[in-house]
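Visitor: Mind having a look at this structure? Questions to follow.
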Amino acid sequence: MHFRLNGRPVESAFDPTSPLLYVLRDEFALNGPKFGCGLGECGACTVLMDDAPARSCQIPLAAVQGHAVTTLEGLGTLEHPSVVQQAFIEEQAAQCGYCINGMIMQATGFLKQNPHPTRQEIIQAMDNNMCRCGTHLRILAAIEKAAAKGGV
Amino acid sequence: MASSPAYPGGPEPAGFEGPSGWTRRQFLFGAGALIITFSTAANLLARGAAAAAPPAPAVNPWAAPGVGYLGNGSPLSSWIAITADGRILISQSQPDVGTGAQTGMLQIAADELYVPFERVSMLPIDSSSANTGGVGGSTGVHRAGAAVRLAAATARETLRSLAAAALGVAGDTLVPRDGAFHAPDGRSVTYAQLVAGKQLTGNVDPNVHLRSSATYEVVGTPVPRIDIPAKLTGTGGPTDYLVNQRVPGMVHARLLRPPAYGAQLLSYDARPVLKMPGVVAVVPLDLDPEHVPGWNTSGITNMEMGQFVAVVATNEWAAIQGVQALAKTARWTAGEPLIPQPASNTYEYLATLPVFSTQVANARGSMVRGFSQASRQIAAEYSTPYLANAPIGPSTGMVWVKPGEVEVWSDSQNVFSTQTQVANLMGLPTSAVTVHNFPGSGVYGRGWNDDAVYEALFISRAIGLPVRVQWMRQEEFQWSTMQGPKFFRMRGGLNGNRVTAFQFDVYTDKDFGDTWMGQNGIAIAPLYTFPHISQVIHYVSNPMRKGLLRAVGAPSNCFAVESFMDELAYAAGVDPLEFRLSQLSDPRAIAVLTRAAEAAGWKAHTKPSGRGLGIATFFDPGAQTYVADVAQVAVDKATGQVRVERMYVGFDCGLVVNPNGVRLQIEGGTIQATSWCMKESVRYADGMVQTVDWISYPILHFSEVPEVVPLIIDRPDIPPGGVGELATMPVSAAIANAIYDATGARIRSWPFTPDKVKAALAAV
C-alpha cells in the first residue's frame, strides 16, 4: 500500500486488513496515535486523513491507499509546535495526556473546516473524544485560543 | 546499545539508552559533585525504635511530612546532587501520574537552593532511584516534596560551609543568590566552583534550617509543567510514554481470557494460530495465585488473574487476530458464581452478607448517651455501586527475562513493589531486577497492580524475548480491579438544631487488606463538633477484583456523611450551610465553606423551582487539606435529566506551591467525580462484567462537563498539604443536595441517572 505519511510518500508491507493505527505504531514507529479502545469510541488514536480527523483504529490499511495521513508528529515539533499544540501547552491542557493526541488532532481537523467556531460548536466537535482526568475545560480553552490566533 | 529491527523487516528502533543505576550516576558526577542522600536520617529513625536509641529528632513543621521517607536504609536512597557543571539533579521515586507533582517538587528545590527553576531537573525514575515510595494518597508535593525540601536545604547549608572556607569568612555572613554565595565584601563563589573536582556526600539533616516561606520566589508561581511539551508532540525517547518504548527484539502479546471469573481452561487448538503470519508463539499461563509460588497477594499488588493464553506476534494486529482465532477453539469450565447484581443497583444486600471483619474507624463519646440526649432520631440509607477506574489507555507492561536477570518497562505507581514482586516470582534477588518507569495513561490507583508486567514476565520467561503486553479495551473493563460497592446506614440524633449523635455504618465489598483501607480511605474524621460519633466498617465479600480508585473510598463516604448532614439540617429546619457552620470550630473548615457559599450566592430554596444549589465539605486529616463544594444544577422534571451547571470549589491546601497545578487538579478531580456520580456503574451478570466499552460504561462527555470555579485560599504560612485526590471528595453530595434543593427529591445512591431522579420526583 502506498500513501503519504506526514508529507512524504511511504509504502507499507503490512496486512492490508490491519487497522492503520498498528501500521503507524509498529511499522513506522510513530508515537502520537495511541491505542485506547480499538472501537472508534474514545478518539485517542485520531489522525488526519486528507485534513479530516479520522480514527486510525477503525481504518484498514487498504483504505489509505493514495491518501495523505498526518499524525501528531506531522503537526509540529517540540521546538516548533503547531498553533494548536502551542495553545495546548500554554493552557497546560493535559493531565496524564494520554487522550491529548486525539484532542489535538480532532481540534486541528475541526479548525481547518471551521476556523471561527463558537464555544458550542467546539463542544459539539469534541464531544466524542473521551478524557478521564477531567481536562475538558483546559482543552476547550486551548482550542478557543488557537482559533483566536487564526491558525492550526 | 546496539540497534536492530524489532523483527525481520521491522523499523530500526531509536537508540534506547535506559537509565542504569550507578553507571549513570558515575557518568553524571564524573567532574565532581555534592550528593545529599536521604539515608542516614532514616537509619537514625530506624534506630529510634531500638532500646538504646536517641529520641526522634525534633522537626520543623515544614519538614515533618517528609520525615517518613528519610532513610529507607538503602545506600541508593534518594538524593539531590549539585554537579560541577552547575546542574542540580534530584532523584526520587514518585512517578508523576499527570498531577504535576514533580514540577512542584522541583520548585521547592529551586527555592531552597536559591536558583532559577531551569537549573533544577529530575532524573527518570527506576528501581535504583529509591526511595520516596510510590505515588498515591496525594503525597507528592505534601510528603515527597517535604523530603526534597530537607535535602535541598541540607545541600545549601553544606555548600555554605564550603563557601565559608573558600572565602575565609563566617558562613552566616554569606548570602545565597542565583546559585552562588555572596560575601559582604563583594566576592562570591558558585556552587559549581565549590564542588568541582570533589566527590562529596552527606546525609540529610532533619533539623536543617529551612528557608522562610515568606521569601519563596519560585514556589507560589504557575511554573509550566515539565512533562507537558513532550507529551503533546510525540517526541519518543526515554521520557516518553511507556506505550512508546520500543526495545530491540520486542514482540507483542495479546491475551485470551476466561469468559467468567474463575473459569478453568480445558482445551484449545494452537495449530491454526501458529500458522498465521507474524505469530511467534502461543503460551498458556496459570496466574491463579494459589498455583504460583512466590506470589505475594497480601499487599497492594494483589493478583487474581486466573488462567489465560497469550498469543505472541511480531506486530499488534497479528497478535489480536491470533487471539480472535484462538477463542474459537478454547473450551472453559463454568466460573465462580457471583452474588447477583440487584436490579435497583443500590446494594442493600451487602448488609445481609456474612461480615468477616469489622473495624471501628472513628469513635467519640457514646451512642447510648448521644441518642438519649436527642429529641428526634433521623435515619437514612445510601449506596454506591462498583466503579471502574476506566483509564483511557489500557494496562501495558514490557518485560525481558534474561539469564539471571530481568528488565522491566512499566508505568507502575511504585517501582519497588513491582521490583519485589517480580524478584519473588522469579526466585531472584531484587538486585537482579531492573524496573524502568515511564509516564502512562492516568489509572487513578490501578497502577499499584501492574498486572500487565506480571503477565509479560511469565510470557517472556517462556520464550526468552522482550515481551510487550497491552490489554484490549474489554479486558480493561472486565479484568482490571474495581472499586467495591458500599451500603451505608446512617442514624442521627437531633436536639433542636444540634446533632447529639452521629452513627455511620458502612457495609463494603472487601478491597485488599482491610486495615490499610480502614486507616487510609474509609475512615473519615468529621470535623463537626458532635459530642457522640460512631463510625464502623463491616467487610463482606463478592468474588470480583477490587482495588484502588482515586481517593480510595473517601468520596463515597463523604456522599453518605454530607447527604445525611443535609437531611439532618432540613429535619432541624435550619439552612444547610448554617447548620454546618454552627457545628464546626476549625477556622479553615469554616473558611472554605464560606468562600464557596459566597461565590455561589448561597441561598437554600424554600420552594423547588427546578434549579438549585447544594453544599458539601470534606477535610482529609492525612493530606491536611480542606475542601467545600457548592453545586449548581438544573433538573428537567419531565425527563429527570440533571444538568450540573457549575461547581464552586473552596480549597485550602496550605501554601500553594503551583497555583496553576492546584487549579488543574481541582478542575480534574471535580469533573472526574461528577462523572462517577452522574453516570457510572459497573454492571455484571453470568459471572462476568458486562460493561465493556465507552458505550456500556459511559463517562462524562464535553457537553456534560460543568464549569468549575476554583476558589483557592492560599496560606503561605502553612506547609503545603495534599491536592491530587482532594477535589473529588464532596462533589457527589453537593450535587445530590442541589438536586434536593431544586426538586425536593432526595437521591441516595449513585449514579444520579434520569430514571432514578424521575422515580424520586414521583415520590415527592
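The values are calculated or read from the model by the stated rules, or taken from the named source; none is laboratory data. As the structure is a computational prediction, the values presented were derived from the model and not from experiment. Here Cβ is always computed from backbone atoms with ideal geometry, including for glycine, and neighbour counts include all displayed protein chains. These accessible areas exclude ligands, DNA and RNA; they are computed on the full protein's heavy atoms, side chains included. Shrake-Rupley method; radii C 1.70, N 1.55, O 1.52, S 1.80 Å.
Visitor: Please compute the volume of the convex hull spanned by the alpha-carbon atoms of chain B and report it per residue in Å³.
Guide: 174
Visitor: On to the next question. Could you look at chain B and say what percent of its accessible area is carbon and sulfur, using a 1.4 Å probe and all protein chains?
Guide: 55
Visitor: Hey, what did region A:2-62 get for relative contact order, percent, Cα under 8 Å, at least 6 apart?
Guide: It comes to 34 percent, rounded to a whole number.
Visitor: Now for a separate question. Run lengths n ≥ 4 of DSSP H only: what is the helix-derived mean residue ellipticity at 222 nm for chain B, with -39500 (n - 2.57) per run over all residues, to the nearest 500? Display every interim value, and only then the final one.
Guide: Details: 20 runs with 208 residues, N = 764.
Estimated from H runs of four or more residues: -8000 deg cm²/dmol.
Visitor: Once the Cα atoms of helix A:136-148 and of chain A are each reduced to a long axis, what angle between those two axes, in degrees from 0 to 90 to the nearest 10, is obtained?
Guide: The angle comes out near 90 degrees.
Visitor: Which whole-number value in Å² is the accessible area per residue of the protein assembly as shown, probe 1.4 Å? Mind showing how you got there, number by number?
Guide: Values: 30980 Å² over 916 residues.
Heavy-atom accessible area per residue stands at 34 Å².
Visitor: In Å and whole numbers, how far do the C-alpha atoms of region B:527-607 stretch along each principal axis, longest first?
Guide: Extents along the principal axes: 46, 31, 28 Å.
Visitor: Mean projection of the alpha-carbon convex hull of chain A over all orientations, in nm²?
Guide: 8.2
Visitor: Here is a follow-up. What accessible surface, in Å², does a 1.4 Å probe find on B:GLU725, ignoring ligands, DNA and RNA and rounding to the nearest 10?
Guide: We get 30 Å² for B:GLU725.
Visitor: Provide the net charge surrounding A:ARG25, with neighbours chosen by a C-beta distance below 12 Å and charges set as Lys +1, Arg +1, Asp -1, Glu -1.
Guide: Net of charged neighbours comes to -1.
Visitor: Report, as an integer, the average count of C-beta atoms from other chains found within 10 Å of each Cβ along A:27-33.
Guide: Mean partner shielding for this stretch: 6.
Visitor: In nanometres, what is the gap between the two model label sites at B:ALA170 and A:GLU79, each 7 Å from Cα along Cα-to-Cβ?
Guide: In this crude spin-label approximation the distance works out to 5.2 nm.
Visitor: For chain B, what is the relative contact order in percent, using Cα pairs closer than 8 Å and at least 6 residues apart in sequence?
Guide: 13
Visitor: With a 1.4 Å probe, what is the total accessible area buried between chains B and A, in Å² rounded to the nearest 100?
Guide: Buried area (both sides, nearest 100 Å²): 5000 Å².
Visitor: Cα-based Rg of region A:83-148 per 2.2 N^0.38 Å, rounded to two decimals? Mind showing how you got there, number by number?
Guide: On the way: Rg = 10.4 Å, N = 66, 2.2 N^0.38 = 10.8 Å.
Region A:83-148 yields a ratio of 0.96.
Visitor: Let me ask another. Per-residue accessible area for B:VAL283 at 1.4 Å probe radius, Å² rounded to 10?
Guide: My reading of the accessible area for B:VAL283 is about 10 Å².
Visitor: Where in region A:43-71 is the amide nitrogen less than 15 Å from a point lying 7 Å along the Cα-to-Cβ axis of A:ARG4?
Guide: Correct set: A:48-52, A:64-71.
Visitor: Using DSSP to define loop residues, name the GluC sites (Glu not before Pro) in region A:70-151 whose beta-carbon has at most 11 other beta-carbon atoms within 10 Å.
Guide: Answer by residue number: A:GLU79.
Visitor: What helices does chain B have that are whole DSSP H segments, at least 15 Å long along their own axis by Cα, and with mean Kyte-Doolittle hydropathy of -0.5 or more?
Guide: Qualifying helices, which must be both long enough and hydrophobic enough, are B:101-113, B:145-167, B:316-327, B:415-426, B:451-463, B:554-572, B:587-600, B:659-679, B:731-743.
Visitor: Something else about it: From the gyration tensor of the Cα coordinates in the protein assembly as shown, what semi-axes in whole Å does the equivalent ellipsoid have, largest first, with each one equal to sqrt(5λ)?
Guide: With the √(5λ) rule applied to the protein assembly as shown, the semi-axes are 40, 38, 29 Å.
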